[in-house]
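Have a look at the structure below, then the notes.
Nothing in this text is a laboratory measurement; each read-out follows from the coordinates by a stated rule. Since this is a predicted model, take the numbers as computed values, not measurements. No Cβ is skipped: glycine too gets one built from the backbone with ideal geometry, and neighbour counts run over all protein chains shown.
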């Protein structure tokens, strides 16, 4: 079930973030993570792909890092394309780097990870996709 219910919170988040770390980035154009990354780049966001198997390479012209801790700049939003079981660990990493928010992609939700992120002061979006939400919200 999409979280939060309040579209205003999602709209405010999408209009305030500049730097997005995309965990689970894929070089394969057929993968949703690749398509969403391309869309976010076209929309003017700075997107840093995170994928240990692709570290040191480029995806869509952006250098890939192995993990969130390898990012040398402030990350506003961590967009997660990973299996549900990986969500708590990614949230821990997002908290550790001082990210402002975590976004669990369409089909992904984890209440424990959400509660941990919110307790640490991060905004949380679950079971939504920015590629769908941006046009739906008229951004």
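So the values come out like this:
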| read-out | value |
| --- | --- |
| Length-normalised contact order of region 7-136 in % [C-alpha pairs under 8 Å, at least 6 apart] | 22 |
| Region 1-34-region 84-129 distance, computed between alpha-carbon centres (Å) | 12 |
| Theoretical ellipticity at 222 nm over the chain - DSSP helices of four or more residues, -39500 (n - 2.57) apiece, nearest 500 | -9500 deg cm²/dmol |
| Difference of contour (0.36 nm per residue) and Cα-Cα distance, residue 137 to residue 43 | 32.4 nm |
| Mean Cβ neighbour count within 10 Å, used as a protection proxy, ranking 83-91, 124-132 highest first | 124-132, 83-91 |
| Gain on full stretching of the segment that runs from residue 83 to residue 16 - 0.36 nm per residue minus C-alpha separation | 21.4 nm |
| Sequence of 18, 116 once ranked by neighbouring C-beta atoms within 10 Å, starting from the fewest | 18, 116 |
| Additional length obtainable on full extension of the chain from residue 6 to residue 67, 0.36 nm per residue less Cα span | 18.9 nm |
| Spin-label model distance (nm) - residue 30 vs residue 115, 7 Å beyond Cα toward Cβ | 4.0 |
